[in-house]
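Computed from the coordinates by the stated procedures, all read-outs in this text should not be read as laboratory data. Computed from a predicted structure; not experimentally measured.
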Ligand code: ADP
């Protein structure tokens with residue numbers, strides 16, 4: 001059993017050697033730095049030191065040079081354990097400072113144990129193995145060679161990396177171009193499909209209306225005609241929404257802004273909903289303060305925004321509920337608030353309701369249908385006007401949508 005000191009800046013290497021040598025009942029000591037190793041040698045006088053060469057602060061050669069310079073420990077047996085310094089110059093330099101054994105990292109455990117046994121068996125180097133000036137020069141040469149070798153390795157790694165970055169960038173640019181082409185193709189397809197759906201739809205609607213208005217036909221036929229009309233209307237809305245979203249996403253929507261008294265536009269939109277609100281016995285309430293609040297906006301697009309918000313408020317409010325629209329000035333902005341005391345939106349759905357085709361409810365409280373595109377269009381139109389939209393909602397209590405537009 002021998003006392004062996006392992007000096008290596010990497011803990012995994014120290015642990016590996018310690019575990020391996022402990023099977024042979026050696027007494028093991030460890031140091032992470034050469035300076036710590038030196039202090040241990042001076043107090044513990046190990047039979048053998050296994051030292052790494054490439055270590056921070058003091059490398060293995062300098063470490064051994066310092067050992068050899070202290071008379072009481074100069075004869076310490078040392079083995080180098082290194083991944084970097086295994087060629088003949090390094091071995092010659094090791095020999096020059098009395099290190100006979102150099103174990104290459106990694107090595108088979110049997111090989112390491114054999115070398116340790118050999119090193120423990122040999123006569124310790126004479127105390128006169130104090131390295132000479134020639135040793136210092138060879139040590140420096142070796143360090144410079146190692147440095148040059150590392151620089152070369154780094155340069156070739158760098159060249160490889162640059163080449164790979166170039167290749168990946170080219171691949172990405174190609175994928176991007178393909179994606180753009182597919183996107184344009186999809187937009188065109190949607191546009192054509194939606195346009196082509198419109199004319200047969202209006203034919204269906206007019207024929208169904210003619211059937212509905214024909215008093216000679218039986219009640220069951222009238223009912224069927226009514227269903228055809230409402231389904232065709234629904235499909236028409238979907239087609240219109242798809243066309244709108246395609247144009248918005250393609251950046252093809254151009255605003256035609258005019259000065260608009262915001263109260264007027266709301267009154268007009270509210271008028272569109274008189275019948276559906278009455279049908280559900282929903283109270284519609286509008287409050288504008290002051291009366292002459294104006295914005296610079298596109299009349300049709302802004303009507304579309306409030307048609308959608310007020311339509312949704314009625315759609316998702318049960319019979320007998322209340323929908324109110326409040327318009328007020330807030331600093332440099334005009335805030336238009338559409339509030340209802342309807343079914344509300346679940347918390348987890350709120351962050352997604354402005355995304356395309358996202359619906360928190362399958363239908364309105366009277367089974368009214370929707371496309372799931374309305375709020376996406378609303379948000380994009382509001383942002384096109386330089387504004388923003390916010391929502392807060394509580395299930396069972398209702399929802400409030402706030403549109404902020406720049407005031408003039
Ligand atoms: P939809 O055509 O389904 O109304 P929207 O994009 O207009 O599509 O709205 C998305 C979803 O947001 C709706 O399906 C509904 O779940 C929810 N939502 C919108 N407005 C309200 C509201 N006032 N109250 C409750 N839920 C609402």
Reciprocal mean inverse distance between Cα atoms of the stretch 99-255 - Kirkwood radius, Å: 25.4 Å
How large is Rg/Rh for the stretch 51-112, to two decimals, with Cα atoms and a Kirkwood Rh? 0.97
Most mobile listed residue (347, 214, 272) in the chain, GNM with C-alpha springs under 10 Å: 214
Have a look at 93, 238, 255 and tell me which one the Gaussian network model of the chain (Cα, springs below 10 Å) gives the largest fluctuation. 93
The stretch 322-382, relative contact order in percent, only Cα pairs under 8 angstrom and at least six apart counted: 22 percent
How large is the Kirkwood hydrodynamic radius of the stretch 240-286, counting all unique pairs of alpha carbons, in Å? 13.5 Å
Based on the Cα gyration tensor of the stretch 22-71, what are the three equivalent ellipsoid semi-axes, each the root of five times an eigenvalue, rounded to whole Å and given largest first? 19, 13, 9
Find the Cα radius of gyration of the stretch 44-86, compare it with 2.2 N^0.38 Å by division, and give the number to two decimals. 1.14
Distance histogram in 10 Å bins (all Cα pairs of the stretch 262-408, percent per bin): 12, 45, 36, 8, 0
For a quick check, take a GNM of the chain with Cα springs below 10 Å and name the residue from 325, 102, 382 with the largest mean-square fluctuation. 102
For the stretch 1-48, what is the per residue volume of the convex hull drawn over the alpha-carbon atoms, in cubic angstrom? 50 Å³
Under the Debye formula (equal points on every Cα, no solvent term), log10 I(q)/I(0) of the stretch 191-350 at q = 0.13, 0.18, 0.19, 0.21 Å⁻¹: -0.85, -1.24, -1.27, -1.30
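State, as an integer percentage, the relative contact order of the stretch 20-62 based on alpha-carbon contacts under 8 Å between residues 6 or more apart.
That works out to 35 percent.
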Please list the equivalent ellipsoid semi-axes of the stretch 176-248, computed as the square roots of five times the alpha-carbon gyration tensor eigenvalues, in descending order and whole angstrom. 37, 9, 8
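Roughly how compact is the chain, stated as its Cα Rg over 2.2 N^0.38 Å to two decimals? Write down the numbers at each step before the final one.
Details: Rg = 41.9 Å, N = 408, 2.2 N^0.38 = 21.6 Å.
Dividing the Cα radius of gyration by 2.2 N^0.38 Å gives 1.94.
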Under the definition of Cα pairs under 8 Å and six or more residues apart, what whole-number percent is the relative contact order of the chain? 9 percent
Helix 109-121 sits off the longest principal axis of the Cα atoms of the chain, rounded to the nearest 10 on a 0 to 90 degree scale, by 30 degrees
Rg followed by Dmax, in Å, when the stretch 289-357 is reduced to its Cα trace: 14.1, 38
If you bin every alpha carbon distance in the stretch 346-408 into 5 Å steps from zero, what whole percent lands in each bin? 4, 16, 23, 26, 18, 8, 4, 1, 0
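Starting from the eigenvalues of the Cα gyration tensor, five times each then square-rooted, give me the equivalent ellipsoid semi-axes of the stretch 9-133, largest first, whole Å. It would help to have the intermediate numbers written out before the result.
Numbers: eigenvalues 80, 53, 45 Å².
Those come to 20, 16, 15 Å.
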Express in % the proportion of alpha carbon pairs of the stretch 154-211 at distances exceeding 17 Å. 66 percent
